[in-house]
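Remarks on the structure that follows.
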Amino acid sequence: MISINIYEIIMQMVNFLILLYLLNRFLIKPLSEFIEKRSSDIKTDIQDAKNNKEQSEKLLEEQRSVLNDARQEAKSIREKAEENSQKEKEMIISGAKKESDHLINQAKKDIELVVDKAKKDLINEVGEISVTLAESVLKRSIDHKDKETLISDGLKKISLS
């Protein structure tokens, strides 16, 4: 038959309680502490990852902004350089045009002076030749003063015609 031994039951209960105590102390508490620590580490890592992601997005946005600003600045610099080169080109062309106009005007003045001198020389030569011819025709000698008077009269007549 089945006999119930109280002493054995109590011992079994005591053993079971001791087992529970030992399991709790050496297994469940350290395991729950480890799991709790691991859980908090994972939460911290997740939070750090979120923070890093936000920071990297901010940095990426800043880099895009800086890159965009750099592109705008480069475009502005390029446009200014083109404007400056265009202005310099116009200044050079204007200067060259002024210089060429000046040279042309100077050349015209020089030509006019040479032509006037040539006309005067030609008139003097023609006058002297005329006086010489007149002298030889008249067979008389004209002094220098009379020669100049005849030349000036002849020039007046030539310039009036």
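Taking (1) of a type outside the set (S, T, N, Q); (2) assigned to a helix (DSSP H, G or I); (3) modelled with pLDDT under 80 in turn, Arg140 satisfies each apart from (2). The single residue among Leu122, Leu103 that is part of a helix (DSSP H, G or I) and either modelled with pLDDT under 90 or under 19 Å from Leu155 (Cβ atoms) (or both) turns out to be Leu122.
Would the range 8-27 turn up any residue that is assigned to a helix (DSSP H, G or I), without any contact (Cβ under 8 Å) to a residue 60 or more places away in the chain and within 60 Å of the chain's Cα centre (by Cα)? Looking for residues that are assigned to a helix (DSSP H, G or I), without any contact (Cβ under 8 Å) to a residue 60 or more places away in the chain and within 60 Å of the chain's Cα centre (by Cα), one finds none in the range 8-27, hence no. Here Glu90 meets each of (1) loosely packed, with under 10 Cβ neighbours inside 10 Å; (2) in a helix (DSSP H, G or I) with one exception, condition (1). Going by the structure shown, is Leu60 hydrophobic (A, V, I, L, M, F, W, C), modelled with pLDDT under 85 and out of contact with any helix residue (DSSP H, G or I) (no Cβ under 9 Å at 6 or more places or on another chain)? No.
The values are calculated or read from the model by the stated rules, or taken from the named source; none is laboratory data. Just so you know, these numbers come straight off a predicted model, no measurement behind them. For neighbour counting, all protein chains shown are included, and Cβ atoms are generated from backbone atoms with ideal geometry for every residue, glycine included.
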